[in-house]
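Quick note: the coordinates plus some simple rules give every number you see, no bench work behind them. Every value quoted in this text rests on a predicted model; they were computed, and no experiment measured them. As a convention, Cβ positions derive from the backbone with ideal geometry for all residues, glycine included, and neighbour counts pool all protein chains shown.
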Amino acid sequence: MKLLLTSAGIINGSIHRRLVEMLGKPIAEATALFVPTAIYPFPGGSRMAWEALSGKAYSPLCNLGWKSLGILELSVLPSIDRSAWVPIVEQTDAILVWGGDPMFLSHWMKESGFGAVLRSLGDGSVYVGVSAGSLATARTFATPKGRLDTTYVTGEGAGLVDFAIIPHLDHPNHPDMSLTNATQWAASLPVPVYALDDQSAVSVVHGKVEVISEGQWKRFDI
């Protein structure tokens, strides 16, 4: 599986071009599944899920002109037969995983079996993460304890990559994601860490890790 791990979605031309390269075809010819699960723990989460799906959110993802777009809600998967959803995941070109609470998302990735299915996918599939959707791909990650909180907790993700992501670097609406805090959080993790602003992303293709950026980013090594 190829991965495009963003801070804020397909936000600029450089990230958009990389997505098309990874798909190997125009977005208009590609199918996608949207995973809103991470956003529900936030106040107004159901409204924010609808905004993302309808193209009204700040971070472009669902409104890129996909050939088809479906919704996959991870929290309902344990209650339905795997034959109803696993083939769809396996056959879809792009899995779009939205932001929100990475701890909640990681829980449902494991509980639903979705993480295991992702690890089995071949290079014909592209995982596109936004914020928490990017954090949750790591084996281990750090995240603030709460909104505007400078302290952090560590979580266990799906283990799709051998590094961690810190999104929204130095964003005015995310003062907890300052470079100072990112440096502290990164030092607590046993893996390399990429801190990305909203104009930056990390792509992983055939094991090659590359930063795509029209903004600022920083890598912290172990």
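Summary of computed values
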read-out: Per-residue Cβ neighbour rank within 10 angstrom, fewest leading, Leu23, Leu4, Leu179; value: Leu179, Leu23, Leu4
read-out: Residues His174, His206 arranged by fewest to most Cβ contacts within 10 Å; value: His206, His174
read-out: Max mean-square fluctuation residue, GNM over the chain, Cα-Cα springs under 10 Å, options Ser112, Ser83, Ser178; value: Ser83
read-out: Label selected from (i) 15.9, 46; (ii) 16.8, 54; (iii) 23.9, 71, the criterion being Rg and Dmax of the Cα atoms in Å as computed here; value: (i)
read-out: Estimated FRET transfer efficiency when R0 is 25 angstrom, pair Ser79-Trp50 (beta carbons, to 0.05); value: 0.65
read-out: Full-stretch length increase - Glu214, Asn173 - with 0.36 nm per residue and alpha-carbon distance subtracted; value: 12.9 nm
read-out: Sorted peptide list for 159-165, 126-132, criterion being average Cβ within 10 angstrom, highest first; value: 126-132, 159-165
read-out: Segment 40-74 and segment 153-188: distance between their alpha carbon centers, rounded to Å; value: 23
read-out: Most to least packed among 6-19, 192-205, 64-77 [average Cβ atoms within 10 Å]; value: 192-205, 6-19, 64-77
